[in-house]
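Nothing in this text is a laboratory measurement; each read-out follows from the coordinates by a stated rule. Keep in mind the model is a prediction, meaning the values are calculated, not measured. So basically every Cβ, Gly included, is an ideal-geometry build from the backbone, and we count neighbours across all protein chains shown.
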Amino acid sequence: MANRRDLKRNINGLLGDVIEECYESLLNNEGKNEKEVEAIVDEAVDLADDLISKTNSAKNLKARKDVKKHFSDIKEELGDKVIGFIEKLNAL
């Protein structure tokens, strides 16, 4: 089981990479798809806030298996959303 700190680092790291790719795309393709790329950045920031708050809410869970499932669900959502963001960015 990952601890809360490692999970938060993974969330920030992966979504930070997505945001970095978005800004690189903006620099390489000046004037093209700016609004779409900025929308992806906004979604990534909102997702980071949401997942961090979900991670913090694990304090309310008592049973170890509930905490493991909660963290597993967060990791799965993170992975799915990151892949979705990259696919959106590549489609532009």
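The table that follows gives values for the structure above.
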item: Separation in nanometres of the label points that stand 7 Å from Cα toward Cβ, at HIS70 and ARG5; result: 1.9 nm
item: Charge dipole (the chain, unit charges on Cβ, about Cα centre) - positive-most of ASN29, GLY79, LEU7; result: LEU7
item: Ranked list, fewest to most other Cβ atoms within 10 Å of each Cβ, for LEU47, LEU26; result: LEU26, LEU47
item: For the chain, size of Cβ-based charge dipole, Lys and Arg +1, Asp and Glu -1, in debye; result: 1040 debye
item: Cβ-defined net charge surrounding LEU92, 12 Å radius [Lys, Arg +1; Asp, Glu -1]; result: -2
item: Folded to 0 to 90 degrees: helix 34-56 orientation relative to the chain principal axis, Cα; result: 10 degrees
item: Proxy reagent accessibility, fewest Cβ within 10 Å first, across LYS68, LYS8; result: LYS68, LYS8
item: Debye-sum result for region 22-74 in log10 I(q)/I(0), which assumes one identical scatterer on each alpha carbon, at q = 0.12, 0.23 Å⁻¹; result: -0.45, -0.80
item: Label-point separation in nm, LYS62 to GLU34, each point 7 Å along Cα→Cβ; result: 5.5 nm
item: Compactness of the chain - radius of gyration and Dmax, Cα, Å; result: 15.1, 51
